Amino acid sequence: MHFVIHCLDTADPSIRQTHYPAHRAYLAAAPLKILIAGPLLDEAGEAPIGSLLVIEAETMEAARAFASGDPFAVNGAWDSIRIYPFTKSVENR
């Protein structure tokens, strides 16, 4: 099953910057399939304000465990984490 992980950052961007290398390593070693991942940007399209990931996991609990183990979550870079089941209905190639 696919899940969308939608995270918004805290007001302190230095937390994201500090833990970015660990976050990237965590994603690279993920025990589940990451379909797409990247930063959410401010309205100017310049500064990161959060993260969006679409993953494939067996259960909501597995998706939650994955999100909560991310160094951004562990170290307080994300102020909120929301996870939703997702069904892909269109794919452009």
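Bear in mind these aren't lab numbers, they're just calculated from the coordinates by the rules spelled out. Everything quoted here is computed from the prediction, not taken from an experiment.
Evaluating 6.51 cos²θ - 1.76 cosθ + 1.60 at θ = phi - 60° for every residue in the range 78-91, the Karplus couplings come out as 9, 7, 9, 10, 10, 10, 10, x, 9, 10, 6, 10, 9, 9 Hz, glycine and proline recorded as x. Going by alpha carbons, how many degrees (0 to 90, nearest 10) lie between the helix axis of 60-69 and the longest principal axis of the chain? That helix lies at roughly 20 degrees to the long axis. Per the Cα gyration tensor, the chain maps to an equivalent ellipsoid with semi-axes of 21, 16, 12 Å, ordered largest to smallest. Taking amide H as placed 1.01 Å from N in the peptide plane, Phe86 has its amide H under 5 Å from the amide H of His2, Phe3, Val4, each at least 5 places away in sequence or on another chain.
In this structure, the amide hydrogen of Thr10, modeled 1.01 Å from its nitrogen in the peptide plane, lies closer than 5 angstrom to those of Trp78, Asp79, counting only residues at least 5 positions away or on a different chain.
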